[in-house]
Amino acid sequence: MRREPLRIAFIIGSAEVGGAEQMLLVVLRSLPSDAFECSVICPSGPMAARYAQAAARIETVGRRSFLNPWTIWRIAVLLRRWRIEVAHTYLYLSDVGGVLAARLAGVPRVVSHLVGHNFYVTEERSLRRLRKRCLSWTYRWIYALSDRLIAVCEAVKADAVGRRGIRVPARKIIVIPNALLLDSAVASPEHLEEAKRLCAITEASVVMTTVANLIPLKGHRYLMEAMPTIVQACPQVRYVIVGDGPHRLALEQLARRLHLDGQVVFTGLVDE
């Protein structure tokens, strides 16, 4: 019977406030410390301090890319020094760097978290399309090196298994949807009233919302472009966009061009 905690290293390529970063924090806070010794390897960023509170140890790699050979070597050294038994990677860059480092270090089990249809070719043309196709093949080769993959939904699993090129075996993938800690998911009546006031929401409002970083990959503009038609059918609709990011200015300009100033609300980053 095992008496000492299982040594796990979580390797994530971002310490900004985002979905995958928050999910890792939920996992760290949920795993019992008497059964799991959790370490985190991540860049510098606002989430690093929270990881440090929930993990046994944390190591930051500054702002270096997880594709940098020096970073991969450094991660491998840490994994070997900590005698890690399971390496668990989150996000695309750290999937590559983390899996390679884990294999260099001889970690017995390597797990990667699939959070989306990474590098799916959509509207790209010519060299950009070829580049994205090559990246897609690279990541599927990396996932083939993992012992186990966790997909956040059935659609992500189906994409990994069925996409042309290098395919990931279905037997390696288990679907575990993202979750939230219940005590952090319930808003007080006071917070709800303040949110309604800030977003100009009344009892008659019909509210749609998107919670995501404001980057083109999230596809905010598609719903935004449909909003004039939606407003004609339902004038009391409000589209509340929760989050921030480099695409915010472009989305705000699109809302003005579509004359949606009264129907679209940008809240910015809403953190815990």
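The values are calculated or read from the model by the stated rules, or taken from the named source; none is laboratory data. Predicted model, so just to flag it, every value in this text is computed and none were measured. Every residue, glycine among them, receives a Cβ derived from its backbone with ideal geometry; neighbour counts consider all protein chains shown. Accessible surface areas use protein heavy atoms only, side chains included; no ligands, DNA or RNA. Shrake-Rupley method; radii C 1.70, N 1.55, O 1.52, S 1.80 Å.
Mind giving me the FRET efficiency for VAL77 and GLU190? R0 is 30 Å, r the Cβ-Cβ distance, nearest 0.05 is fine.
On the way: r = 49 Å, r/R0 = 1.64.
Working from the Cβ atoms, E equals 0.05.
Which cross-chain or sequence-distant (5 or more) residues have an amide H under 5 Å from the amide H of ILE58, H modelled 1.01 Å from N in plane?
For ILE58, the qualifying residues are VAL40.
Multiply the residue separation of LYS132 and ARG109 by 0.36 nm, subtract the distance between their alpha-carbon atoms, and state the gained length in nm to one decimal. Please report the intermediate quantities before stating the final value.
Working: separation 23, 0.36 × 23 = 8.28 nm, distance 2.87 nm.
Computed gain between LYS132 and ARG109 is 5.4 nm.
In what sequence, highest mean first, do 16-22, 254-260 appear when ranked by Cβ atoms within 10 angstrom? Can you show the working numbers first?
Details: 16-22: 18.6, 254-260: 14.7.
Top to bottom by mean Cβ count within 10 Å: 16-22, 254-260.
Using a 7 Å offset from the Cα along the Cα-to-Cβ direction at both ARG3 and LEU217, what is the distance between the two label points in nm, to one decimal?
4.5
Leaving ligands, DNA and RNA out of it, report the carbon-plus-sulfur percent of the accessible area of the chain at a 1.4 Å probe.
On the way: 8910 of 15240 Å².
That fraction is 58 percent.
Quick one: order THR71, THR60, THR202 from most to least accessible surface, probe 1.4 Å. Write out the running numbers ahead of the final one.
Numbers: THR71 0, THR60 55, THR202 85 Å².
Heavy-atom accessible area, descending, gives THR202, THR60, THR71.
Remind me, relative contact order of the stretch 41-91 in percent, using alpha carbon pairs under 8 angstrom and six or more residues apart?
Details: 27 pairs, mean separation 15.3, N = 51.
Relative contact order, the stretch 41-91: 30 percent.
Which residues in the stretch 249-264 place their backbone N less than 19 Å from a point set 7 Å from the Cα of GLU225 along the Cα-to-Cβ direction?
249-261, 264
For GLU37, list long-range residues whose amide hydrogen, built 1.01 Å from N in the peptide plane, is under 5 Å from its own amide hydrogen.
LEU6, ARG7, ILE8
Treat each spin label as a single point 7 Å out from the Cα along the C-beta direction, and report the SER65 to GLU203 distance in nm.
About 5.6 nm, to one decimal.
Only loop residues by DSSP count here, and only those with at most 15 other Cβ atoms within 10 Å; note down the trypsin sites (Lys or Arg not before Pro) in the stretch 56-156 that meet that.
Numbers: sites: ARG57, ARG63, ARG64, ARG74, ARG80, ARG81, ARG83, ARG103, ARG109, ARG125, ARG128, ARG129, ARG131, LYS132, ARG133, ARG140, ARG148; in loops: ARG63, ARG64, ARG83, ARG125.
Here the trypsin sites (Lys or Arg not before Pro) that fit, given the DSSP loop and packing criteria, are ARG63, ARG64, ARG83, ARG125.
Any idea which of LEU269, ASN68, MET227 is furthest toward the positive side of the dipole for the chain, if Lys and Arg beta-carbons carry +1 and Asp and Glu beta-carbons -1?
Going by the charge dipole, the pick is ASN68.
What relative contact order, as a whole-number percentage, does the chain give when Cα pairs under 8 Å and 6 or more residues apart are counted?
On the way: 426 pairs, mean separation 34.6, N = 272.
Once normalised by length, the contact order is 13 percent.
Accessible area per residue for the stretch 1-137 in Å², computed with a 1.4 Å probe and the full protein assembly in place, what is it?
Details: 6950 Å² over 137 residues.
With the other protein chains kept in place, the stretch 1-137 gives 51 Å² per residue.
Please list 3J(HN,Hα) in residue order for the stretch 94-111, calculated via the Karplus relation 6.51 cos²θ - 1.76 cosθ + 1.60 where θ = phi - 60°; whole Hz, with x for glycine and proline.
6, 4, 5, x, x, 5, 4, 5, 5, 5, 4, 7, x, 5, x, 10, 10, 10
Determine which lysines satisfy two conditions relative to LYS157: a Cα distance under 26 Å, and not lying fewer than 8 residues away in the same chain.
LYS132, LYS172, LYS218
Residue by residue through the stretch 43-57, what is 3J(HN,Hα) from phi via Karplus (6.51 cos²θ - 1.76 cosθ + 1.60, θ = phi - 60°)? Round to whole Hz and write x for glycine and proline.
Ordered by residue, 3J(HN,Hα) equals x, 6, x, x, 7, 4, 5, 6, 4, 4, 6, 9, 9, 5, 7 Hz.
Using only Cα atoms, find the angle between the long axis of helix 220-233 and the longest principal axis of the chain, and express it within 0 to 90 degrees, rounded to the nearest 10.
The angle comes out near 30 degrees.
What shape does the stretch 223-272 take by its C-alpha gyration tensor, where a ≥ b ≥ c are the square roots of the eigenvalues and a/c under 1.5 counts as rounded, a/b above b/c as prolate, and the rest as oblate? Kindly include the intermediate steps, with their values, before the conclusion.
Values: a/c = 2.71, a/b = 1.57, b/c = 1.73.
Oblate, because a/c is 1.5 or more while a/b does not exceed b/c.
How much of ASP34 can a 1.4 Å solvent probe reach, expressed as accessible area in Å² and rounded to 10?
Result for ASP34: roughly 120 Å² accessible.
Please list, in order, the residues from the stretch 16-48 whose amide nitrogen is less than 18 Å from a point placed 7 Å along the Cα→Cβ vector of THR210.
Those under the cut-off are 18-20.
Between ASP147 and LEU258, how many nm apart are label points set 7 Å from Cα along the C-beta direction?
4.7
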